[in-house]
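> Following this message is one structure expressed as structure tokens.
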Amino acid sequence: MTGVREAGTGYYTRKMEKLSSIIEVLNQRFGTDFTPADKLFFDQLEEDMLGDAEVVKSARSNTMENFAYAFEDVFMSKVIDRMGQNDKIFVKLMDDPEFRKVVKEWISRLVYEKARG
């Protein structure tokens with residue numbers, strides 16, 4: 001299975017863009033023990049983003065690089081909105097900057113591509 005490259009530069013392959021894979025990648029890379037049930041958090045976070053008209057508009061009118069820059073604040077806002085729904089993931093996102101970066105890059109790529117159709 002291919003995954004986020006160790007350099008953490010945000011390169012992705014088509015095979016990795018399934019949210020179910022994010023659990024495996026995060027567990028392997030960060031030593032977490034998230035289960036398939038935790039995938040719901042990431043699904044909901046992605047849907048929150050796609051349900052935000054400004055996020056979709058930004059994805060449709062920008063390059064991935066520019067979209068990722070604008071995505072930063074929205075990402076943290078949506079994560080905080082979801083904090084009560086999955087404490088374990090929320091705590092990891094808030095306490096581990098590298099973990100947060102990987103998740104943010106992953107979800108921004110998914111949202112960007114889905115918003116652009």
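> Any idea how many residues of the range 68-114 are surrounded by fewer than 16 Cβ atoms within 10 Å (Cβ to Cβ), over 10 Å from the mean Cα position of the chain (by Cα) and either under 18 Å from residue 40 (Cβ atoms) or of a type in the set (Lys, Arg) (or both)?
The qualifying residues number 9.
> Before we move on, is residue 39 basic (Lys, Arg), over 19 Å from residue 87 (Cβ atoms) and surrounded by 11 or more Cβ atoms within 10 Å (Cβ to Cβ)? Break it down into steps so the answer makes sense when it comes.
Details: basic (Lys, Arg): yes; over 19 Å from residue 87 (Cβ atoms): no; surrounded by 11 or more Cβ atoms within 10 Å (Cβ to Cβ): yes.
Judged against the criteria, residue 39 is not a match.
> Next question, about the same structure. What residue, of 56, 103, is modelled with pLDDT under 95 and assigned to a helix (DSSP H, G or I)?
From the options 56, 103, the qualifying one is 103.
> For residues that are under 29 Å from residue 88 (Cβ atoms), part of a helix (DSSP H, G or I) and either free of Cβ contacts under 8 Å to residues at least 24 places away in the same chain or of a type in the set (Gly, Ala, Ser) (or both), tally how many sit in the range 39-53. Don't jump to the end; show me each part of the working.
Within the range 39-53, the first condition is being under 29 Å from residue 88 (Cβ atoms), and the residues that meet it are 39-52.
Checking the rest, the ones that are also part of a helix (DSSP H, G or I) come to 39-50.
Filter once more, keeping what is either free of Cβ contacts under 8 Å to residues at least 24 places away in the same chain or of a type in the set (Gly, Ala, Ser) (or both): 39, 47.
Number of matching residues: 2.
> Moving on. Out of all the residues in the range 79-93, is one or more modelled with pLDDT of 90 or more and not in a helix (DSSP H, G or I)?
no
> Is there a residue being modelled with pLDDT under 90, of a type in the set (Lys, Arg) and in a helix (DSSP H, G or I) anywhere in the range 21-34?
Looking through the range 21-34, none of the residues is modelled with pLDDT under 90, of a type in the set (Lys, Arg) and in a helix (DSSP H, G or I).
> Let me ask something else about it. Just to be sure before I move on: is residue 88 in contact (Cβ under 8 Å) with a residue 12 or more places away in the chain and out of contact with any Leu (no Cβ under 7 Å at 6 or more places or on another chain) in the structure I sent?
Values: in contact (Cβ under 8 Å) with a residue 12 or more places away in the chain: yes; out of contact with any Leu (no Cβ under 7 Å at 6 or more places or on another chain): yes.
Judged against the criteria, residue 88 is a match.
The values are calculated or read from the model by the stated rules, or taken from the named source; none is laboratory data. Computed from a predicted structure; not experimentally measured. Positions of Cβ are generated from backbone atoms using ideal geometry, with glycine treated the same way; all protein chains shown enter the neighbour counts.
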